[in-house]
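The values are calculated or read from the model by the stated rules, or taken from the named source; none is laboratory data. All of these numbers come straight from a predicted model, not from anything done at the bench. Virtual Cβ from ideal backbone geometry, glycine too; neighbours counted across all protein chains shown.
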Amino acid sequence: MTSSKKSRLSMLDSLAAAGAPMAAPAPAASMMSSNRALRSARDAVDSHRVWDLEPHQIEDTRIHDRLDPADVIDLRDAIEANGQTVPILVRRHPTEADRYLLVYGRRRLEAIRSSDKVTKVRALVASLDDDAAVRAQISENMARRDLSFIEKALFAQELVENGFGNQSQVAEVLTVTKSSVSMAIAIAEAIGPDLIRAIGPAQGIGRPRWDALAKAIEETGADRDALIRIAEKEYTRFTVDAVTEGSDAAPGDPSVMAFEAVFSAVAPAPAPAAKPAKKARTLTQPLTVDGRRSATLRRTAKGLSLELPGGGFADWLEAEAQNVIEELHARWQSRGEE
């Protein structure tokens, strides 16, 4: 194998870990070597060269795996400054000459399409059928491992709906269990694709909270169009804050903000915590003998107590306590007979 061919195949290897031109270095043991779908894509590279293609020559008919493909401004700036260091992967159009179908590299393609400075897309051309192209796309996503839960759920749902395979087959390709695919698809169906896309990827929001949102929508019969407007309002607020007050005024992820706003609108508010019972006041009453304080009567929620200072009277009362309590009790009972 020539050194130039090795270099080009190595470049395709790097696609498994690359999400942007300035991607972090790939690990020493390339994931490509253990991934049959990506290895097949590499082996199918046509003519062993990187092509410079016109953006309009490339069609993107793939199943969408990201909810924010338009978020390419930073990537566009990086490509304009440093060039497109990592090519995209395309395959020849089955019926139209000089046309290509995107396999993966959507963000790089969109970045160049939106650029006034970069006019060509650097691409590797592979000979792949529909099934192999989808498998390569899936494998590239799994290598990056940066899709959020809901993006993976929506992707799995669309794979099944577009006839790629049943849930078991999709689970096998995604290297997850069938039960996790079934649960993810059920959540995506309950929430609805339009609302999911309005919210966005919401990185960090995992399955339990998306599941809770799905159940809340079903239990309350919430109007999804109204929830979409709530999500869109959060994006508008985020953008306005960033423009009018600077980037520091709009921290965080707008899709997470949109999720929280939608969740708050549909999920029942938690019951207020019960107020702690007021502590009963302790009432004290001084007792006097011949005008001098000789004891203290103390009333609490638990009962009544008598406190005496130490001395002869206290010693006598201790010794006579049984007789005294019986006499006082008898006097208390006799009140009703008088």
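Among the numbered criteria (1) surrounded by 11 or more Cβ atoms within 10 Å (Cβ to Cβ); (2) in contact (Cβ under 8 Å) with a residue 12 or more places away in the chain; (3) not in a strand (DSSP E or B), which one does residue 309 miss?
Checking residue 309 against (1) surrounded by 11 or more Cβ atoms within 10 Å (Cβ to Cβ); (2) in contact (Cβ under 8 Å) with a residue 12 or more places away in the chain; (3) not in a strand (DSSP E or B), the one that fails is (1).
Does any residue in the stretch 159-171 that is modelled with pLDDT under 80 come within less than 7 Å, Cβ to Cβ, of a residue that is small (Gly, Ala, Ser) and not in a loop (DSSP other than H, G, I, E, B) six or more places away or on a different chain, and which pairs are these?
Here the result reads 170/156, each pair linking the stretch 159-171 to a residue that is small (Gly, Ala, Ser) and not in a loop (DSSP other than H, G, I, E, B).
Looking only at the stretch 320-336, which residues are exposed (fewer than 10 other Cβ atoms within 10 Å of the Cβ), of a type in the set (Gly, Ala, Ser) and in a helix (DSSP H, G or I)?
Hits for the stretch 320-336 are 330, 334.
Residues of the stretch 67-108 being within 27 Å of residue 258 (Cα to Cα) and without any contact (Cβ under 8 Å) to a residue 60 or more places away in the chain, which ones?
69, 70, 71, 72, 73, 74, 75, 76, 77, 106
Give 255, 264 a once-over and let me know the one that is surrounded by fewer than 13 Cβ atoms within 10 Å (Cβ to Cβ), modelled with pLDDT of 80 or more and closer than 30 Å to residue 199 by Cβ.
264
Of the residues that sit in the stretch 172-185 and are free of Cβ contacts under 8 Å to residues at least 12 places away in the same chain and outside any helix (DSSP H, G or I), which one is surrounded by the most Cβ atoms within 10 Å (Cβ to Cβ)?
So the residue we want is 176.
Out of 216, 188, which single residue is under 21 Å from residue 147 (Cα atoms), under 18 Å from the mean Cα position of the chain (by Cα) and surrounded by 16 or more Cβ atoms within 10 Å (Cβ to Cβ)?
188
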